[in-house]
Amino acid sequence: MTRTPAHRSPAATLLRPRARLAPGLTLALSLSLAAALPVTLAPRPAPAHELSKAELKEIKKVMKTWAKALGVKCGFCHNIRNFKEWTAHREVAHAMKSVFLGKLKHPEAGKPMVCGTCHLGDLKPDPAALSKIGHSKLKALAPAFKAAAGKAKHAKAQAELKEIAEHLEALK
């Protein structure tokens, strides 16, 4: 991965010399700036239990599959500095998983649905894929999305889940 300025900490950006200075002067300026900057590290939340390497490997495998099915990268749903933090997109993804996965069967394969059943590598579900599942089946899931919207902590997640519910209710 190539490091870009967006990945640098503010301190690293400040400490990086912009012009050629004498090595001793650069070091003196760097040390004086570093001493002046406050150090505030947020404490990491303690996990309920430590995940085994096998559990982490399995979770990463599933997450990569979901990201590919939606055509996004990990940072779309996760705060990549703290994967345990719940973001608005993560709330929506959790609601989608809770409502769809395991509840409906794939129309052609008879297996449980997965993200890629409808999304086909894009954030917006494919209308033809939705038609194959059956609009009446999808329409019946609208109340579950309304309930998920009521439980969501982020206003953006609430709005998106309500929009999904309205879209499902409007299916004919």
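The values are calculated or read from the model by the stated rules, or taken from the named source; none is laboratory data. Quick caveat: nothing in here was measured; it's all calculated off a predicted structure. Cβ: placed from backbone, ideal geometry, glycine included. Neighbour counts: every protein chain shown.
Restricting 104, 29, 70 to those that are modelled with pLDDT under 85, surrounded by 14 or more Cβ atoms within 10 Å (Cβ to Cβ) and within 25 Å of residue 158 (Cβ to Cβ) reduces the list to 104. When the residues of region 127-140 are filtered to those that are among the hydrophobic types (A, V, I, L, M, F, W, C) and surrounded by fewer than 17 Cβ atoms within 10 Å (Cβ to Cβ), the one that is nearest to residue 69 (Cα to Cα) is 129.
Consider region 73-84 and keep the residues that are part of a loop (DSSP other than H, G, I, E, B) and more than 10 Å from the chain's Cα centre (by Cα). The one that is surrounded by the fewest Cβ atoms within 10 Å (Cβ to Cβ) is 81.
When we screen 123, 104 for residues that are touching a Gly at 6+ places or on another chain (Cβ under 7 Å), farther than 25 Å from residue 51 by Cβ and touching a residue at least 24 places away in the same chain (Cβ under 8 Å), the only hit is 123.
A quick yes/no check of all residues on (1) part of a helix (DSSP H, G or I); (2) basic (Lys, Arg); (3) within 24 Å of residue 110 (Cβ to Cβ):
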residue	(1), (2), (3)
124	no, yes, no
132	yes, yes, yes
137	yes, yes, yes
144	yes, no, yes
149	yes, no, no
153	no, yes, no
156	yes, yes, no
159	yes, no, no
163	yes, no, no
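The single condition among (1) at pLDDT 55 or above; (2) more than 30 Å from residue 126 (Cα to Cα); (3) outside any helix (DSSP H, G or I) that residue 42 does not meet is (1).
Suppose we filter region 96-124 for residues that are small (Gly, Ala, Ser) and under 17 Å from the mean Cα position of the chain (by Cα); how many remain?
Quick first cut of region 96-124, residues small (Gly, Ala, Ser) only: 98, 102, 109-110, 116, 121.
Imposing the further condition that a residue be under 17 Å from the mean Cα position of the chain (by Cα) reduces the set to 98, 116, 121.
So the count comes out to 3.
Can you name every residue in region 107-126 that is closer than 27 Å to residue 150 by Cβ and exposed (fewer than 15 other Cβ atoms within 10 Å of the Cβ)? Within region 107-126, 112, 123, 124 meet the criteria.
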